[in-house]
Amino acid sequence: MDSFSVFGNPIKHSKSAEIYALFAHEIGISKKYNLKLAVQDNFNYLLHNFFNLGGLGANITSPFKENAYFLCNQLTERAEKARSVNTIKKLKNGTLLGDNTDGIGFISDLKRINWLDNNNQITSHEEEPITNILLIGAGGAAKGILPILLTTITTCHINIVNRTFSRAQELTSYYQEIGYKNISCLPLYKLRYDTNKYSLIINATTSNIHNTIPKIPYFLITPDTKCYDLFYTKQDTLFITWCKKNGSNYCSDGLGMLVGQAAHSFFLWHNTFPTIDPVINHLRSVFYM
């Protein structure tokens, strides 16, 4: 019986089992980790059956993170705020604890690549009292990173744009209602009139899967603009290629975030934090998309 699994659709491309195996080897743990393909009609059953048969922990990937949120008996504060779950731990009393490690994995990667300093401010050559962040997307990936962005980078203002504006409005309203005033949204087409200078632009959409890029104006990109794509491929993603073409000297894909969030999941399950950099380097050298 598998002790740990990741549930998603699609799932064949997932690197979660390989990452877990590398972490487990470092720590000296011998537990089985497998990939579980699910659909909306059977996800709830498969997840509960997994834990009923002895499963200890699960990762949840697209498109089931919001489903998993409602299946947990307890939630961490970051999962509660994100309203989505990517990590579940079965507690000793049999109840399920839901967490969301996407945000902390993202912040960990910003620090790893030196985009975030010791004061949790985005590194810059210019002195700005407020850091403007443009978040493209309002789905599960955006929801996972928003809580920690708002609470960690305290001098930031986050502007959300999304192809469906109503989803950006809904997300913005939720965070404003729970006390965060440094967040706003605007329709995607209005970015052409936007005069904000963005220190960090985050692509949290699935545009790469569809071989497209978000329709944002090229003039938002400057040499100092940091551009982060939550997606990752062996070569530069389409979004990163576009950002570099338009002048950004600071671009990163989401592989570091993937390994970072997995490390925090591993810590939740085993109370031991694994080493991240060797796993990132290994995946860079061998993985394919």
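Structure summary
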{"item": "Total lysine pairs whose alpha carbons fall under 18 Å of each other in the range 104-253 (8 or more apart, or interchain)", "result": "12"}
{"item": "Of all DSSP beta bridges in the chain, antiparallel share, percent nearest 5", "result": "20"}
{"item": "Residue-averaged 222 nm ellipticity for the chain, from DSSP H runs of 4+ at -39500 (n - 2.57), nearest 500", "result": "-10500 deg cm²/dmol"}
{"item": "Highest-fluctuation residue, ASN42, ASN203, ASN67 considered, GNM on the chain with Cα pairs under 10 Å", "result": "ASN42"}
{"item": "Loop sites in the range 106-193: GluC sites (Glu not before Pro), DSSP, at most 15 other Cβ within 10 Å", "result": "GLU126, GLU127"}
{"item": "Two-site FRET efficiency, ASP224 against HIS157, from Cβ-Cβ distance with R₀ of 25 Å, rounded to 0.05", "result": "0.90"}
{"item": "Reference-scaled alpha-carbon Rg (2.2 N^0.38 Å with N residues) for the chain", "result": "0.99"}
{"item": "Inter-label distance, nm, simple model (7 Å from Cα along the C-beta direction), ASN249/THR195", "result": "2.7"}
{"item": "Proximal aspartates and glutamates relative to LYS89, as straight alpha-carbon distance under 19 Å, when same-chain residues fewer than 8 apart are discounted", "result": "ASP2, GLU66, GLU77, GLU80, ASP99, ASP102"}
{"item": "FRET E, pair ASN44, PHE267, Förster distance 30 Å, beta-carbon r, rounded to 0.05", "result": "0.70"}
{"item": "Protection proxy ranking of 227-237, 55-65 - average other beta-carbon atoms within 10 Å, highest first", "result": "55-65, 227-237"}
{"item": "Overall dimensions of the range 162-289 as given by Cα atoms, namely Rg and Dmax in Å", "result": "17.0, 49"}
{"item": "Rounded to whole Hz, the Karplus (6.51, -1.76, 1.60) HN-Hα couplings of the range 187-197, x for glycine and proline", "result": "x, 4, 5, 7, 4, 5, 9, 6, 9, 5, 9"}
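FYI, it's all coordinate maths here, none of it is from the lab. Note that the coordinates shown come from a computational prediction; the quantities given were computed from them, not determined experimentally. Glycine gets a Cβ as well: all are built from the backbone with ideal geometry, and neighbour counts include every protein chain shown.
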